[in-house]
Amino acid sequence: MPPSAAPSPERSHRQPPEWVLGIESSCDELAAAVVHHGREIVSSTVRGQDAVHRPYGGVVPELASRDHVRGVSEVVARALADADLAPEALSGVAVTAGPGLIGSLLVGLSFGKALAYRLGIPLVGVHHLDGHLAAAELCDPRLRPPYVGLVISGGHTALYRIAPEGAPQLLGETRDDAVGEAFDKVAALLGLPYPGGPAVSRVAESGDAAAVALPRPLRGTPGLDFSYSGLKTAVALEVQRRGALSARDVADLAASFEAAAIDVLLDRAGRAMAAEGVSRLAVVGGVAANRRLRRELAGLGRRQGFEAVFPPPELCTDNAAMIAAAGARLLARGAAHGLGLNAFSRVPLGDAPWARPAAE
Ligand code: KG4
Ligand code: ZN
């Protein structure tokens with residue numbers, strides 16, 4: 001099999017293949033899912049590692065990949081069993097090829113390659129962010145390009161224009177920390193358990209968002225970039241100033257941080273929607289599970305005349321249904337990346353090297 005083959009134009013409008021297995025292992029979640037005709041999620045299983053990483057307050061890459069090795073056969077078997085499907089019935093395998101932790105990526109990729117080889121079916125590599133965006137399209141069939149995608153996760157904070165043809169266009173991205181990373185770091189500062197995002201937003205519900213004045217970096221400035229390291233540092237300084245924190249302090253700081261982080265997301269998303277002249281904003285990635293953000297972005301959309309589309313929370317955080325859905329689209333266009341497919345720790349969306357034709 002050649003290491004890579006570009007979709008051929010004459011095969012570009014086929015139906016998505018019937019049964020696609022997705023595998024996602026880019027960070028600390030190991031997931032497998034079966035999607036029917038690229039649209040219907042038939043099974044989706046996620047094996048998290050919160051207990052593995054909690055003692056360290058963040059993901060330890062070597063522990064993540066070792067745990068993936070232990071779980072990968074079982075997770076894939078469970079996805080097939082939940083779909084009541086024999087492996088031989090699969091039409092193709094889609095696996096996250098990047099970006100992510102290289103050791104973690106290699107576990108899912110190697111397993112996917114071996115399975116596709118044994119079954120004699122095509123294998124495609126999927127960009128993790130393409131997967132997140134596919135989750136929104138999967139959940140709302142009215143969401144069709146052109147639209148704007150706001151990708152907010154532990155590793156990414158970016159706005160893209162998604163066109164019907166061609167690569168997604170990067171409109172703006174974070175200059176330093178990702179917003180999910182800021183949630184995780186603030187959780188650690190406040191003594192809240194890993195993973196930080198859900199913990200901060202839970203505690204914030206009983207806090208006063210106006211209690212602590214925090215900066216809103218880049219809000220109201222031209223351009224569509226983001227910055228979160230200054231906000232995180234402001235929380236760190238406030239924690240230092242207060243010394244021992246009461247439960248009230250923790251709730252107020254969490255609520256004030258969450259409000260500031262969300263204000264910036266609203267400002268940038270609102271500007272992007274005004275500039276791009278499209279009617280839908282897809283909000284994806286782990287931070288899109290945040291309840292306050294969903295409420296406030298939906299409100300902004302009503303005021304500004306656009307619709308904010310969010311996958312359900314379980315499809316915002318890492319999962320394999322989104323990888324299967326994105327992979328089904330590639331397979332429908334005739335893509336097959338073969339056994340030479342590699343994993344990439346960093347790779348821009350729209351510039352996946354594995355999707356280019358192999359060098360002559
Ligand atoms: O997409 P994801 O599962 O993994 C990456 O690709 O990074 O996103 C994980 C990130 C973490 O930083 C986590 O703290 C954050 O999403 N997150 C949240 C919430 N749920 C997950 N952040 C804020 N509020 C939440 N409810
Ligand atoms: Zn993700």
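Each reported figure results from applying straightforward, stated rules to the coordinates on display, with no laboratory input. Just so it is clear, the structure is predicted and the values come from calculations on it, not from any experiment. Because the Cβ atoms are built from the backbone with ideal geometry, glycine has one as well, and the counts that use them run over all protein chains shown.
Starting with the highest mean, order 245-252, 267-274, 19-26 by the number of other Cβ atoms within 10 Å, averaged over the residues of each peptide.
Descending mean neighbour count gives 19-26, 267-274, 245-252.
Counting only C-alpha contacts under 8 Å and six or more residues apart, can you give the relative contact order of the chain as a whole percent?
29 percent.
Could you size up the charge dipole of the chain around its Cα centre, putting +1 on the beta carbon of Lys and Arg and -1 on that of Asp and Glu, and report it in debye to the nearest 20? Write down the numbers at each step before the final one.
Working: 35 positive and 38 negative charges, 89 e Å.
That gives the chain a dipole magnitude of about 420 debye.
Quick one: which of 127-138, 164-175, 106-117 comes out on top by average Cβ neighbours within 10 Å, and what's the full order, highest first? The partial results should precede the final answer.
Details: 127-138: 26.4, 164-175: 14.8, 106-117: 20.8.
Ranking the peptides 127-138, 164-175, 106-117 by packing returns 127-138, 106-117, 164-175.
Using only Cα atoms, tell me the angle between helix 128-139 and the longest principal axis of the chain; keep it within 0 to 90° and round to the nearest 10.
Roughly 90 degrees, rounded to the nearest 10.
Taking 37 °C and 0.692 mPa s as the conditions, I'd like the Stokes-Einstein D for the chain in µm²/s, using the Kirkwood hydrodynamic radius from alpha carbon pairs.
Estimated diffusion coefficient is 158 µm²/s.
Tell me, what are the semi-axes, in whole angstrom and largest first, of the equivalent ellipsoid of region 127-228 as set by the roots of 5 times the Cα gyration tensor eigenvalues? Write down the numbers at each step before the final one.
On the way: eigenvalues 165, 59, 32 Å².
Output for region 127-228: semi-axes of 29, 17, 13 Å.
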